[in-house]
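This report concerns only the one structure given below.
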Amino acid sequence: MTVSGRFVALLALGVIPVVLLGGRDGVAYAVLGGWLVLCLVLGVLDLILAASPRRVVLERSLPARVRLGAEATSELYVTNTGRRTLRGVVRDAWEPSAGAQTTRTRVSLPAGERRRLTATLRPWRRGERRVRTATIRSWGPLRLWARQATLEAPGRIRVLPPFTARKHLPSRLARLRELEGSTTVLLRGQGTEFDSLREYVRGDDVRSIDWRATARRHDPAGGRGARVMVRTWRPERDRRVVIVIDTARTSAARVADEPRIDTAFESALLLAALATRAGDRVDLVAFDRIVRGRVQGASGPELLSRMVDVMAGIDPALIEMDWSAVPAQVSAMTTQRSLVVLLTSIESPGGSRGLLSVLPQLTAKHIVVVASVTDPDTVEATRSRGDREAVYRAAAAERSLLDLSRVSAAVRRQGGDVVTGSPADLPPALADRYLALKAAGRL
């Protein structure tokens, strides 16, 4: 049960006789007592005439998924199975991160009828956004007292990563088509695939001459002189790309108002979309000390669908990354030579020791690319030297950039490659590095 402001104002009116009569002969107090009794009687009568909120049946309809930042519509169906008209308010108890624009709705629901209450959701966090209950407050005809009940109405909606980096996909796909078309001339050697035969031109690698095809090729004039034929090569398809996402404590840091792990997700999604269009197979593992998520054996549209579904429920763990277990995780997914992309942080030399210690095991068999997000504010701080505080800040920023360059150089000495960039620049930069490896015939 609850009372309204109208009932409180009604009680306050009982003070007027006390003020006017000044308490003479106790008449004012008698009037006040009678007024209180009248107010209580009206309140009880109003409560009795109010419809029972427990005679309401709730049903909920929700979309299964929504991207972070997009809108979804929540539908709550309210059915009055009682004998009185329900006049009141329905409060849908969504958690705050679901971003419900409206949580309270006034209803007037006659007996035996049903209403649909809609609310717009705009979630601002990934993962499962849940609602368990809805509270119904039923007022009487005088709106003095109300009955209130909280009923079970469970529901959930899965909030997926936004994949804002998909705007870079068309331009990279165009470059991929150029790579697979006119530029398949291509390099010879390990990691390339036979494409076609053509006539020899000056400057071709003599190791590409196909002597059997040359012997079969006759001169059009009918002579026995053979035209020299060479093989052309193109980057291999059906290669393996293994993406390892670091979900340890460093991935929880916010860079440009975005967690590192979200930037890693964007980079992984763009690379996976590009690689699967190139005919390569992509596997994903999110790992710190245990596997937080894994996608393996998927291809085509199913790949991105499974990736975003797995990523939606992953949050950073406040523990250290166990780099010694990463080679085993990669070996569990593939035994052939692959492109291994490590999405982590390399800004601190001390925090990168574990990564550097296992790199030789990975680079001995795979092509390794380490991708790390950098803070654009750090670069900006190096340019500001207006006062003493700014000079100290610039010195600290320069030191941070120097540490990053030292770790990057150490990764390259171990045989790996490094891609860095701001949250907006890292996903396309990683995609460009993948295309560069394709063009060089290394992948």
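If I filter the range 94-106 for residues that are more than 30 Å from residue 40 (Cα to Cα), at pLDDT below 95 and among the β-branched types (Val, Ile, Thr), do I get at least one hit?
Taking every residue of the range 94-106 in turn, at least one turns out to be more than 30 Å from residue 40 (Cα to Cα), at pLDDT below 95 and among the β-branched types (Val, Ile, Thr).
What is the residue count in the range 249-284 for residues that are assigned to a helix (DSSP H, G or I) and in contact with a Phe, Trp or Tyr (Cβ under 9 Å, 6 or more places away or on another chain)? Reasoning before the result, please.
First pass over the range 249-284, keeping only residues assigned to a helix (DSSP H, G or I): 249-252, 260-277.
Now restrict to residues that are in contact with a Phe, Trp or Tyr (Cβ under 9 Å, 6 or more places away or on another chain): 265-266, 269-271, 273-275.
Within the range 249-284, residues that are assigned to a helix (DSSP H, G or I) and in contact with a Phe, Trp or Tyr (Cβ under 9 Å, 6 or more places away or on another chain) number 8.
For the range 150-162, does any single residue satisfy the condition of being of a type in the set (S, T, N, Q) and either within 16 Å of residue 62 (Cα to Cα) or crowded, with 16+ Cβ neighbours inside 10 Å (or both)?
Residues of the range 150-162 that are of a type in the set (S, T, N, Q), as a first pass: 150.
Next, from what is left, pick out any that are either within 16 Å of residue 62 (Cα to Cα) or crowded, with 16+ Cβ neighbours inside 10 Å (or both): none.
No - not one qualifying residue is present in the range 150-162.
So in the range 362-402, with the set limited to residues that are within 29 Å of residue 328 (Cβ to Cβ) and either among the hydroxyl-bearing types (Ser, Thr, Tyr) or over 32 Å from the mean Cα position of the chain (by Cα) (or both), which one is most open to solvent (accessible area, probe 1.4 Å)? Reasoning before the result, please.
Here is the first cut: in the range 362-402, the residues within 29 Å of residue 328 (Cβ to Cβ) are 362-373.
Next cut, either among the hydroxyl-bearing types (Ser, Thr, Tyr) or over 32 Å from the mean Cα position of the chain (by Cα) (or both) only: 363-364, 372.
Details: 363: 30, 364: 85, 372: 0 Å².
Top of the filtered list is 364.
Check residue 412 against each of (1) out of contact with any strand residue (DSSP E or B) (no Cβ under 8 Å at 6 or more places or on another chain); (2) open to solvent by 20 Å² or more (accessible area, probe 1.4 Å) and name the one condition it does not meet.
(1)
Within the range 47-57, how many residues turn out to be in a strand (DSSP E or B) and open to solvent by 30 Å² or more (accessible area, probe 1.4 Å)?
Narrowing the range 47-57 to residues in a strand (DSSP E or B): 56-57.
Still in the list and also open to solvent by 30 Å² or more (accessible area, probe 1.4 Å): 57.
So the count comes out to 1.
How about the range 341-353: which of its residues are of a type outside the set (Asp, Glu) and either crowded, with 17+ Cβ neighbours inside 10 Å or in contact (Cβ under 8 Å) with a residue 40 or more places away in the chain (or both)? Spell out how you get there, then give the answer.
Taking the range 341-353 and keeping what is of a type outside the set (Asp, Glu), we get 341-346, 348-353.
341, 342, 343, 344, 345, 346, 348, 349, 351, 352 - these are the residues of the range 341-353 that are of a type outside the set (Asp, Glu) and either crowded, with 17+ Cβ neighbours inside 10 Å or in contact (Cβ under 8 Å) with a residue 40 or more places away in the chain (or both).
Does residue 63 satisfy being assigned to a loop (DSSP other than H, G, I, E, B) and touching a residue at least 40 places away in the same chain (Cβ under 8 Å)? Working first, answer last.
Numbers: assigned to a loop (DSSP other than H, G, I, E, B): yes; touching a residue at least 40 places away in the same chain (Cβ under 8 Å): yes.
Against the criterion (assigned to a loop (DSSP other than H, G, I, E, B) and touching a residue at least 40 places away in the same chain (Cβ under 8 Å)), residue 63 qualifies.
Under the condition of being assigned to a helix (DSSP H, G or I) and of a type in the set (D, E, K, R), which residue from the range 285-326 is least open to solvent (accessible area, probe 1.4 Å)? Let's see the steps before the verdict.
Let us first name the residues in the range 285-326 that are assigned to a helix (DSSP H, G or I), namely 301-312, 323-326.
Now drop any that are not of a type in the set (D, E, K, R), which leaves 302, 306, 309.
Working: 302: 96, 306: 84, 309: 46 Å².
Filtering first and then ranking leaves 309.
The values are calculated or read from the model by the stated rules, or taken from the named source; none is laboratory data. Note that the coordinates shown come from a computational prediction; the quantities given were computed from them, not determined experimentally. Cβ sites come from the backbone with ideal geometry, for glycine too, and all protein chains shown count toward neighbours. Keep in mind that these areas ignore ligands, DNA and RNA; they rest on the heavy atoms of the full protein, side chains included. Shrake-Rupley method; radii C 1.70, N 1.55, O 1.52, S 1.80 Å.
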